[in-house]
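The values are calculated or read from the model by the stated rules, or taken from the named source; none is laboratory data. These numbers were taken from a predicted model, which means no experiment stands behind them. Every residue, glycine among them, receives a Cβ derived from its backbone with ideal geometry; neighbour counts consider all protein chains shown. What goes into the accessible areas is simple: the full protein's heavy atoms, side chains included, and nothing from ligands, DNA or RNA. Shrake-Rupley method; radii C 1.70, N 1.55, O 1.52, S 1.80 Å.
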Amino acid sequence: MIDALVAEHQDYNNFNGYSSLLAQAAEQWDLEPSQIEDYMNRIAFHESKGDVDAIQMLNDGTHGDGRGLFQFEIGKGGGGQTAGQRLINLLGYKPDWVNFTDEGFDVSGLNAEQQKMLFLANYLKKPGESSGMKGLTQEGLTDWWLRNHWAGTENKEDRRKSFDRDMKDYGL
(Lines give C-alpha, C1' and ligand atoms only; values in the text may rest on other atoms or scores of the structure.)
Protein backbone atom coordinates (compact mmCIF):
# COMPACT_ATOMS: atom_id res chain seq x y z
CA MET A 1 0.00 0.00 0.00
CA ILE A 2 2.73 2.48 0.98
CA ASP A 3 4.90 1.45 -1.98
CA ALA A 4 2.20 2.33 -4.50
CA LEU A 5 1.64 5.75 -2.95
CA VAL A 6 5.33 6.52 -2.69
CA ALA A 7 5.86 5.51 -6.33
CA GLU A 8 3.33 8.15 -7.41
CA HIS A 9 5.50 10.94 -5.99
CA GLN A 10 8.61 12.22 -7.72
CA ASP A 11 9.99 14.11 -4.73
CA TYR A 12 10.12 11.67 -1.83
CA ASN A 13 11.12 14.36 0.65
CA ASN A 14 7.85 16.21 0.12
CA PHE A 15 5.76 13.04 0.28
CA ASN A 16 3.28 13.29 3.11
CA GLY A 17 2.96 9.74 4.29
CA TYR A 18 1.02 10.36 7.49
CA SER A 19 -2.38 9.46 6.03
CA SER A 20 -0.93 6.37 4.37
CA LEU A 21 0.80 5.21 7.55
CA LEU A 22 -2.37 5.79 9.53
CA ALA A 23 -4.41 3.79 7.00
CA GLN A 24 -1.85 0.97 7.08
CA ALA A 25 -1.87 0.92 10.89
CA ALA A 26 -5.68 0.90 10.98
CA GLU A 27 -5.78 -2.07 8.62
CA GLN A 28 -3.00 -3.98 10.38
CA TRP A 29 -4.35 -3.33 13.86
CA ASP A 30 -8.05 -3.65 12.96
CA LEU A 31 -8.85 -0.22 14.43
CA GLU A 32 -10.43 2.91 13.05
CA PRO A 33 -7.96 5.68 12.17
CA SER A 34 -9.77 7.92 14.65
CA GLN A 35 -9.12 5.39 17.43
CA ILE A 36 -5.41 5.32 16.65
CA GLU A 37 -5.26 9.10 16.54
CA ASP A 38 -7.08 9.27 19.87
CA TYR A 39 -4.61 6.83 21.43
CA MET A 40 -1.65 8.77 20.04
CA ASN A 41 -3.10 12.04 21.35
CA ARG A 42 -3.63 10.52 24.79
CA ILE A 43 -0.08 9.18 24.91
CA ALA A 44 1.27 12.54 23.73
CA PHE A 45 -0.80 14.28 26.43
CA HIS A 46 0.77 12.07 29.08
CA GLU A 47 4.29 12.26 27.71
CA SER A 48 4.53 15.96 26.82
CA LYS A 49 1.11 17.58 27.35
CA GLY A 50 1.01 17.79 23.55
CA ASP A 51 4.13 19.98 23.21
CA VAL A 52 6.03 19.02 20.03
CA ASP A 53 9.15 20.80 21.34
CA ALA A 54 9.05 19.21 24.80
CA ILE A 55 12.32 18.30 26.49
CA GLN A 56 12.17 15.93 29.44
CA MET A 57 12.83 17.59 32.78
CA LEU A 58 14.13 15.39 35.55
CA ASN A 59 13.26 15.83 39.22
CA ASP A 60 16.65 17.46 39.86
CA GLY A 61 15.93 20.14 37.22
CA THR A 62 18.27 18.74 34.56
CA HIS A 63 17.24 17.63 31.10
CA GLY A 64 16.57 13.97 30.48
CA ASP A 65 16.76 12.14 27.18
CA GLY A 66 13.06 12.32 26.20
CA ARG A 67 12.07 14.69 23.38
CA GLY A 68 8.93 15.74 21.55
CA LEU A 69 5.31 14.63 21.75
CA PHE A 70 6.09 11.03 22.65
CA GLN A 71 9.37 11.64 24.49
CA PHE A 72 11.44 9.57 22.10
CA GLU A 73 14.89 9.38 23.66
CA ILE A 74 17.89 11.04 22.06
CA GLY A 75 21.23 9.31 22.01
CA LYS A 76 22.87 6.78 19.75
CA GLY A 77 20.45 3.85 19.53
CA GLY A 78 17.78 5.75 21.48
CA GLY A 79 14.06 5.66 20.82
CA GLY A 80 14.20 8.55 18.33
CA GLN A 81 16.85 6.88 16.22
CA THR A 82 15.07 3.53 16.39
CA ALA A 83 11.76 5.08 15.31
CA GLY A 84 13.51 6.99 12.53
CA GLN A 85 15.17 3.85 11.19
CA ARG A 86 11.87 1.96 11.32
CA LEU A 87 10.23 4.77 9.34
CA ILE A 88 12.98 4.57 6.72
CA ASN A 89 12.56 0.80 6.53
CA LEU A 90 8.79 1.11 6.18
CA LEU A 91 8.83 3.84 3.54
CA GLY A 92 11.82 2.51 1.63
CA TYR A 93 13.53 5.91 1.61
CA LYS A 94 14.87 8.46 4.08
CA PRO A 95 12.77 11.63 4.44
CA ASP A 96 15.01 14.71 4.53
CA TRP A 97 13.71 15.59 8.01
CA VAL A 98 15.10 12.38 9.53
CA ASN A 99 18.48 13.69 10.63
CA PHE A 100 20.66 11.19 12.44
CA THR A 101 23.76 12.58 14.12
CA ASP A 102 26.53 11.09 16.20
CA GLU A 103 24.34 11.93 19.19
CA GLY A 104 21.29 10.10 17.78
CA PHE A 105 18.07 11.73 16.63
CA ASP A 106 16.33 14.59 18.43
CA VAL A 107 12.68 14.69 17.30
CA SER A 108 11.77 17.87 19.21
CA GLY A 109 12.35 20.05 16.15
CA LEU A 110 9.81 18.12 14.06
CA ASN A 111 6.17 19.02 13.59
CA ALA A 112 3.35 16.96 15.12
CA GLU A 113 2.59 15.06 11.92
CA GLN A 114 6.22 14.00 11.49
CA GLN A 115 6.39 12.85 15.11
CA LYS A 116 3.18 10.87 14.66
CA MET A 117 4.67 9.25 11.54
CA LEU A 118 7.62 8.15 13.67
CA PHE A 119 5.26 6.79 16.33
CA LEU A 120 3.24 4.81 13.79
CA ALA A 121 6.30 3.42 12.00
CA ASN A 122 7.88 2.52 15.32
CA TYR A 123 4.98 0.25 16.23
CA LEU A 124 4.22 -0.98 12.73
CA LYS A 125 7.81 -2.27 12.43
CA LYS A 126 8.52 -3.15 16.06
CA PRO A 127 9.25 -6.86 16.41
CA GLY A 128 6.77 -8.94 18.36
CA GLU A 129 3.13 -9.67 17.80
CA SER A 130 1.92 -7.69 20.83
CA SER A 131 3.93 -4.54 20.04
CA GLY A 132 1.29 -3.07 17.72
CA MET A 133 -2.11 -1.82 18.77
CA LYS A 134 -4.16 -4.71 17.36
CA GLY A 135 -7.38 -4.98 19.34
CA LEU A 136 -6.39 -2.20 21.74
CA THR A 137 -9.21 -0.58 23.67
CA GLN A 138 -9.21 2.69 25.54
CA GLU A 139 -9.42 0.71 28.78
CA GLY A 140 -6.26 -1.20 27.86
CA LEU A 141 -4.23 1.85 26.85
CA THR A 142 -2.42 2.19 30.19
CA ASP A 143 -1.16 -1.39 30.06
CA TRP A 144 -0.18 -1.02 26.39
CA TRP A 145 1.75 2.18 27.18
CA LEU A 146 3.56 0.53 30.11
CA ARG A 147 4.45 -2.55 28.07
CA ASN A 148 5.36 -0.92 24.74
CA HIS A 149 6.19 2.76 25.06
CA TRP A 150 7.39 3.63 28.54
CA ALA A 151 11.16 3.25 28.78
CA GLY A 152 11.65 4.14 32.43
CA THR A 153 13.04 2.11 35.27
CA GLU A 154 11.27 3.63 38.25
CA ASN A 155 8.30 2.11 40.06
CA LYS A 156 5.87 0.73 37.48
CA GLU A 157 2.82 1.21 39.73
CA ASP A 158 3.66 4.88 40.19
CA ARG A 159 3.91 5.27 36.40
CA ARG A 160 0.56 3.50 35.98
CA LYS A 161 -1.07 5.90 38.44
CA SER A 162 0.50 8.88 36.68
CA PHE A 163 -0.76 7.75 33.27
CA ASP A 164 -4.26 7.05 34.64
CA ARG A 165 -4.32 10.47 36.35
CA ASP A 166 -3.40 12.14 33.07
CA MET A 167 -6.15 10.21 31.26
CA LYS A 168 -8.66 11.62 33.75
CA ASP A 169 -7.31 15.10 33.06
CA TYR A 170 -7.48 14.39 29.32
CA GLY A 171 -11.15 13.53 29.69
CA LEU A 172 -11.33 9.74 29.87
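Here are some notes:
- Over all distinct Cα-Cα pairs of region 84-141, the Kirkwood formula returns a hydrodynamic radius of 12.7 Å.
- Ranking of Lys76, Lys161, Lys125 by solvent-accessible surface, largest first: Lys76, Lys161, Lys125 (1.4 Å probe, protein heavy atoms only, all chains present).
- Full extension of the chain between Ser130 and Glu113 gives 3.7 nm of extra length, using 0.36 nm per residue less the Cα-Cα distance.
- Each Lys and Arg adds +1 at its Cβ and each Asp and Glu adds -1 at its Cβ; summed about the Cα centre, the chain shows a dipole of about 340 debye.
- For region 31-91, a Kirkwood hydrodynamic radius built from all Cα pairs, placed in the Stokes-Einstein relation at 25 °C and 0.890 mPa s, yields a translational diffusion coefficient of 195 µm²/s.
- Size-normalised alpha-carbon gyration radius of the chain, reference 2.2 N^0.38 Å: 1.01
- Helix-only CD estimate at 222 nm, as mean residue ellipticity for the chain, using -39500 (n - 2.57) per DSSP H run (n ≥ 4): -14000 deg cm²/dmol
- The chymotrypsin sites (Phe, Trp or Tyr not before Pro) found in region 62-101 that occupy coil by DSSP, while having at most 16 further C-beta atoms within 10 Å, are Tyr93, Trp97, Phe100.
- Of all lysines in the structure, those lying under 20 Å Cα to Cα from Lys116, and not within fewer than 8 positions of it along the same chain, are Lys49, Lys94, Lys125, Lys126, Lys134.
- P(r) weight above 16 Å for region 132-172, C-alpha pairs, percent: 33 percent
- When the Cα positions of Phe163, Gln56, Ala23 are compared along the charge dipole of the chain, Phe163 comes out farthest toward the positive end, with charges on each C-beta of Lys, Arg, Asp and Glu.
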